[in-house]
Amino acid sequence: MRIVIRIGGSVVASPINTELMSKYADIIKAVKQQGHEVAVVVGGGALAREFIGIAKNLGLDMAAQDEIAISCSRLFAQLFLKKLGEAGCNKVAVTLGEASQCLSEGKVVVMGGLKPGITTDAVAALVAEHVGADLLVKGTNQNGVYDKDPKKYADAVKLDHLSLLDLTKILELNVHQAGMHQIIDPVAVEVLKRKRLKFVVVNGFEPNNILAAINGENVGTLIE
Ligand code: UTP
């Protein structure tokens, strides 16, 4: 399979957790050894947010703030790449073309952000679309997708399975309730709608969940 693994900055980088990063590197190598082709997209976490704040204080516009955040995410991508050693590409991919080129060389692609105005969720979906991936797995700081924001509502229920239509409805509901909880960025949802792709959201603090999702086990939330 061609698999895109999206690792939340909120998971490995807020605060920076090198033990978890090392576990991810091992998992990624294991997935590759199973014969899969892998692209990894990492976010910028708290560091990106801190630098966005600095850029804002300097009076820089949104696009500039995003560019700074993208650089932060690429730093984490570079750390992963170094940790992957021979298994990874020789540099962090900064375009979709570079990502597919790297995959075709039999190496693991590692990316951070791509362009201003989106999040790494969208990057992961765009990469998945571009390389024709079979599966997108997101390791996040929740156990999966809930019917409402679990941080705000004690009665929020985790969903095991939902359609893209259901996901869209939940996202709309969150907007109406002015909740900033983003299960997945709307740009990413649009890409998923264009390209029917299996998408699994799992708790990223347990990297084995990524393997379980790839092996088709019932873990987190499956969206398709
Ligand atoms: P993310 O919000 O995707 O990072 O990107 P994250 O830390 O993994 O987030 P969690 O774990 O899902 O909470 C951080 C910021 O970087 C900019 C945006 O400002 C985004 O909010 N960014 C990222 C871009 O502008 N373009 C990109 O392609 C990626």
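Is it true that some residue in region 34-41 is touching a Ser or Thr at 6+ places or on another chain (Cβ under 6 Å) and surrounded by 20 or more Cβ atoms within 10 Å (Cβ to Cβ)? Yes; the residues of region 34-41 include at least one that is touching a Ser or Thr at 6+ places or on another chain (Cβ under 6 Å) and surrounded by 20 or more Cβ atoms within 10 Å (Cβ to Cβ). Of all residues in region 65-92, those satisfying the criterion of being without any contact (Cβ under 8 Å) to a residue 24 or more places away in the chain and of a type in the set (A, V, I, L, M, F, W, C) are ILE68, CYS89, VAL92. Applying the criterion of being within 16 Å of the ligand (Cβ to nearest atom) and over 16 Å from MET111 (Cβ atoms) to the residues of region 12-23, the residue that is surrounded by the fewest Cβ atoms within 10 Å (Cβ to Cβ) is PRO15. Restricting attention to region 1-32, which residues are under 22 Å from LEU47 (Cβ atoms), in a helix (DSSP H, G or I) and not aliphatic (A, V, I, L, M)? Listed by number, the residues that qualify are GLY9, SER10, THR18, GLU19, SER22, LYS23, TYR24.
Annotation: ALA46 fulfils all but one of (1) touching a strand residue (DSSP E or B) at 6+ places or on another chain (Cβ under 7 Å); (2) not in a helix (DSSP H, G or I); the unmet one is (2). Of all residues in region 24-34, none are over 17 Å from the mean Cα position of the chain (by Cα) and within 11 Å of the ligand (Cβ to nearest atom).
Here GLY117 meets the list (1) closer than 28 Å to THR221 by Cβ; (2) at pLDDT 95 or above; (3) not polar (S, T, N, Q) almost entirely, failing just condition (2). Among residues of region 38-54 that are under 19 Å from GLY139 (Cβ atoms) and touching a residue at least 40 places away in the same chain (Cβ under 8 Å), those with a Cβ under 6 angstrom from a residue that is away from the ligand (no atom under 11 Å from the Cβ) and assigned to a strand (DSSP E or B), sequence gap 6+ or separate chain, pair up as VAL38/ILE3; VAL38/VAL108; ALA39/VAL4; ALA39/VAL109; VAL40/ILE5; VAL40/VAL110.
Of the helices (runs of 4 or more DSSP H) contained entirely in region 86-179, those carrying at least 3 residues that are small (Gly, Ala, Ser), surrounded by 15 or more Cβ atoms within 10 Å (Cβ to Cβ) and within 16 Å of the ligand (Cβ to nearest atom) fall at 120-131.
Before we move on, is PHE76 buried (at least 20 other Cβ atoms within 10 Å of the Cβ) and either more than 12 Å from the ligand (Cβ to nearest atom) or modelled with pLDDT of 95 or more (or both)? For PHE76, the condition - buried (at least 20 other Cβ atoms within 10 Å of the Cβ) and either more than 12 Å from the ligand (Cβ to nearest atom) or modelled with pLDDT of 95 or more (or both) - is met.
The values are calculated or read from the model by the stated rules, or taken from the named source; none is laboratory data. For clarity, every value in this text was computed on a predicted model and none was experimentally measured. With ideal geometry, Cβ positions are generated from the backbone for all residues, glycine too; neighbour counts draw on all protein chains shown.
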